[in-house]
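The values are calculated or read from the model by the stated rules, or taken from the named source; none is laboratory data. Bear in mind that the values here come from a model prediction, so they are computed numbers and not experimental data. Cβ placement follows ideal geometry from the backbone for every residue including glycine, while neighbour counts extend to all protein chains displayed.
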Amino acid sequence: MLKKLIATLALGLAAPLSAYAASYQLLNVSYDPTRELYKAINTAFAADYKAKTGDTVSIQQSHGGSGKQARAVIDGLDADVVTLALAADIDAIAKNAKTIPENWQSRLPDNASPYTSTIVFLVRKGNPKQIKDWGDLIKPGVSVVTPNPKTSGGARWNYLAAYAWALKQNNKDDAKAQAYVKELYKHAPVLDTGARGATTTFVQRGIGDVLLAWENEAFLSLDEFGADKFDIVVPSLSILAEPPVSVVDKVVDKKGTRKVAEAYLKYLYTDAAQDIIAKNYYRPRNPAIAAKYADKFPKLNLVTIADFGGWTKAQQTHFADGGVFDKIYLAN
Amino acid sequence: MSKRHYTWALLPIAAIAGQAFAEQGPSLEQLDQRIKILERQLENQKEEADAKAKDAATVAAGSNGFSIKSAKGDYEFKFRGLLQADGRFFLSDGPAASVRSNDGFLLRRVEPTFELTLGKQLFFRIQPNFAPDSATVSDVYGELRLDPAAVIRAGKFKVPVVLENLQASGATAFNERGFPNELGPNRDYGVQLGGALFGGTTSYALGIFNGASDGRDGAQQAKTAGDNRKEFAGRVFSEPFKNEPGLLQGLGFGVGGTYGTRERGTVGISDLAYRTPGQNTFFSYVSSGSVFTQSHGYEYRVSPQAYYYRNSFGLVAEYIENAQQVITNTGSKADTLHHKAYQGVANYFLTGEDASYGGLTKPKNPLGKDGYGAFELVARYGVLDIDDKTFPTFASATASASKASTWAAGLNWYPVNNLKIDLAYSLTRFDGGAAGTPSTVVVDRQDEKLVYSRFQIWF
């Protein structure tokens, strides 16, 4: 009884003091390979925010194929922020769930993409199949691992990079580019739902000769499983991937977390966060930080999503139901 | 199936493939790749199936009924049911057919129940009854569940007054409820606010209804003479030790009541008739002829009540006082009549099952599984006492008894889940209620000696 009384009194006295420090919990719904990145970012941001405001922030992470994650948010998953693989997935949330305004990309610098990445090849050590460029992927006996573009953002970047190379090789002949991509997916025996699953297929299950991978995922595989097991091959042409971020307005307003959620995303552009981004093998936007880590990232020729008319058009043409991917994959 | 198992399962395929291509065919490395690909495809299919299973609705079937529930649990459809096939046999010979008009076999209740939970806040229930010649609807109501402490219910449902009446029909100790039920309302049309307070230890309900006659259902939009204009009902019931295991954990007590007014119409009170355990009417007002009885003013009911359950033993005790203002159609005499009823019902499971207000659907040792099912002894004593001022002006002493006392004992057998078979005997004695010789002489109505049984399926 005495203990209860003391505890009650202590709580009563502590309450007015603690009223000045708030505690927040955010949910970051992200795409597949960013687990390690956001684990590091979240720790740094929580410390930074605590130092600046006195408030405590804990951030939960959810990862999966970017398309699947967007679908989960549309279906009601209460994400405070979404950090997905491509703008089309956040556009889909804005369009279908109406929880994000359509101008979401204008609210943060660089089209709300705090870092970029690209697509490279991860091959087995010594590159036994001599895979050097996109054309080598459809040679007889070559087995390619890539996720499913219907569920994975990374897979859509893979597809578009391959398509861009084929267009260039064939003087922008769409039919020939489609024929190439059709042949490419004939060489892909397993379509995982996300990029991390594809990495597991290639690295841990030992399937395939080449993994079409996010650059960061390829480097991470070297770090984790040993540079003596895999090599990274940089193709002659790839695509500039711009994974974007956004606050989910309806959720943060309901939960009262807008201030801290916006601070979280703005933090991604700080020097400290850009440094973490580079260390995790994503290409930082900040020129100074990019220069600092320039030797980590190979230089390559990049097309952009603008070359496909933007994400809305690319999504509709290639990945929507009945689009090019459906036609070529079903035909296989 | 584990990865190892997949590997073994796929080996024959690989072997056959290897044989077929032996002359020109794939190398061991290629075969190894094929196996790995198949394994990974199976792994992905399993992951996909698991993910889909998480989002899929679940179907459940058990002794509490059948249900389909959405993955998040906020949408649910439940199907439950109650079948009661009864036999009533009057042992004594009697001169009046009306004394034993309900002798024989009957379907007492045939009630499928459909319940839908729509989101976290909406609930809908409909319970028709196909036992009568013309099907009726027992319960039909919707609920807006704002909070466990604030649930708004609208439709037709049991008025929150009499303890045994609020017990599920499949859970009562005897085939018929006792005398307090005759003085209280049954189901009625209305709206009610209710909920649970203090960690679920106290429940309350406050409602407004059309007004139901004693022991009967209310009518829709009742406006005929003699019906209540509106009736307020309320009940509070507490189980203060519910969450504290111990001697008093199963103790619950409370009080229910109603208050309403009746219009003074031009017809007599014909819808009020108090019944014996054999469902024979032993009291009614004079409702026809040159001088008959009409409602006139208020009617209120107050019912203190309690139960106690401890291990295999249970006891339900309740009292009700019913006050109703009546008048003769000529206006020559008016009065406020106070009728009273009380009862105690005890039950005890010989086979060790826990007794509860919610009843039993699963015996510990069902028949055929090293057991004989559950056996329950039940006993009742009850009295219904009509206000002496009722006679002779408002009711005939030679046609209606002024008091009925009953005791009953029985054995309930639950051989398997969801089945109950019972056999009971009741003896009901009356004060007055019959004519002697000459016919103006009041004598006691003949005792009702009743053997009754039931075959009940309840889930």
For B:ILE126, are the conditions met, namely being of a type outside the set (Gly, Ala, Ser), farther than 23 Å from B:PHE455 by Cβ, over 15 Å from the mean Cα position of the chain (by Cα) and at pLDDT 95 or above?
-> no
Can you spot a residue in the range B:289-304 that is buried (at least 23 other Cβ atoms within 10 Å of the Cβ), among the acidic types (Asp, Glu) and more than 25 Å from B:ARG108 (Cβ to Cβ)?
-> yes
Quick one: is A:GLY153 within 12 Å of chain B (Cβ to nearest Cβ) and either touching a residue at least 24 places away in the same chain (Cβ under 8 Å) or within 25 Å of A:LYS296 (Cβ to Cβ) (or both)?
-> no
When only residues in the range A:165-198 that are basic (Lys, Arg) and away from every other protein chain (no Cβ under 14 Å) count, which is surrounded by the fewest Cβ atoms within 10 Å (Cβ to Cβ)?
-> A:LYS172
Odd one out for B:GLY65, checked against (1) within 11 Å of chain A (Cβ to nearest Cβ); (2) touching a residue at least 12 places away in the same chain (Cβ under 8 Å); (3) in contact with a Ser or Thr (Cβ under 9 Å, 6 or more places away or on another chain) = (1)
Hits in the range B:344-363 (condition: part of a strand (DSSP E or B) and either touching a Ser or Thr at 6+ places or on another chain (Cβ under 9 Å) or surrounded by fewer than 18 Cβ atoms within 10 Å (Cβ to Cβ) (or both)) = B:GLY344, B:VAL345, B:ASN347, B:TYR348, B:PHE349
Flag for B:ALA60 being hydrophobic (A, V, I, L, M, F, W, C) and in contact with a Phe, Trp or Tyr (Cβ under 9 Å, 6 or more places away or on another chain) = yes
Among the residues of the range B:132-144, is any at positive phi and assigned to a strand (DSSP E or B)?
-> no
Please state which of the following conditions A:SER117 fails to meet, knowing it meets all the rest: (1) over 24 Å from A:LYS266 (Cα atoms); (2) in contact with a Pro (Cβ under 9 Å, 6 or more places away or on another chain); (3) buried (at least 19 other Cβ atoms within 10 Å of the Cβ).
-> (1)
Across the range B:104-120, the tally of residues that are of a type outside the set (Ser, Thr, Tyr) and over 11 Å from B:PHE130 (Cβ atoms) stands at 10
Only one residue in B:ARG88, B:ARG34, B:ARG80 is within 14 Å of chain A (Cβ to nearest Cβ) and of a type outside the set (Val, Ile, Thr). Which one?
-> B:ARG34
What about B:PHE232, is it surrounded by fewer than 20 Cβ atoms within 10 Å (Cβ to Cβ), among the aromatic types (Phe, Trp, Tyr), at pLDDT 90 or above and not in a loop (DSSP other than H, G, I, E, B)?
-> yes
Considering every residue within the range A:315-324, establish whether at least one is of a type in the set (A, V, I, L, M, F, W, C), touching an Asp or Glu at 6+ places or on another chain (Cβ under 9 Å) and under 24 Å from A:ALA47 (Cα atoms).
-> no
Would you be able to say whether some residue in the range A:114-133 is in a helix (DSSP H, G or I) and more than 14 Å from chain B (Cβ to nearest Cβ)?
-> no
A:SER246 passes all but one of (1) part of a loop (DSSP other than H, G, I, E, B); (2) of a type in the set (Ser, Thr, Tyr); (3) farther than 19 Å from A:VAL120 by Cβ; which number fails?
-> (1)
A:ASP228: out of contact with any strand residue (DSSP E or B) (no Cβ under 7 Å at 6 or more places or on another chain) and outside any helix (DSSP H, G or I), yes or no?
-> yes
Residues of the range A:98-113 being among the charged types (D, E, K, R) and in a loop (DSSP other than H, G, I, E, B), in sequence order, are A:LYS98, A:GLU102, A:ARG107
Would you call A:ASP271 assigned by TED's automatic domain parsing to the domain that holds A:GLY76, acidic (Asp, Glu) and under 25 Å from A:ASP91 (Cα atoms)?
-> no
Go over the candidates B:LEU38, B:LEU82, B:LEU28, B:LEU11 one by one and state the one that is surrounded by fewer than 17 Cβ atoms within 10 Å (Cβ to Cβ) and at pLDDT 80 or above.
-> B:LEU28
Taking the residues in the range A:204-254 that are away from every other protein chain (no Cβ under 14 Å) and polar (S, T, N, Q) as candidates, determine which candidate is farthest from A:SER143 (Cα to Cα).
-> A:SER246
Taking B:ALA20, is it modelled with pLDDT under 85 and farther than 16 Å from A:GLY208 by Cα?
-> yes
Could you tell me whether B:GLU43 is surrounded by 13 or more Cβ atoms within 10 Å (Cβ to Cβ), away from chain A (no Cβ under 14 Å) and among the charged types (D, E, K, R)?
-> no
Selection from the range B:193-213 of residues that are at pLDDT below 95 and of a type in the set (S, T, N, Q) = B:THR201, B:ASN210, B:SER213
Considering only residues of the range A:305-332 that are assigned to a helix (DSSP H, G or I) and of a type in the set (Gly, Ala, Ser), which is nearest to A:TYR185 (Cα to Cα)?
-> A:ALA331
Just one of A:GLU224, A:GLU262, A:GLU183 is modelled with pLDDT of 95 or more and farther than 20 Å from A:PRO284 by Cα; which is it?
-> A:GLU183
Set A:THR201, A:THR146: member being of a type outside the set (Lys, Arg), surrounded by 24 or more Cβ atoms within 10 Å (Cβ to Cβ), away from every other protein chain (no Cβ under 12 Å) and touching a strand residue (DSSP E or B) at 6+ places or on another chain (Cβ under 8 Å) = A:THR146
Which listed residue, of B:GLY410, B:GLY359, B:GLY371, B:GLY344, is without any contact (Cβ under 8 Å) to a residue 24 or more places away in the chain and not β-branched (Val, Ile, Thr) = B:GLY371
Any idea how many residues of the range B:282-327 are over 30 Å from B:GLU376 (Cα atoms) and of a type in the set (Ser, Thr, Tyr)?
-> 9
Members of the range B:57-71 that are at pLDDT below 90 and touching an Asp or Glu at 6+ places or on another chain (Cβ under 6 Å) = B:ALA71
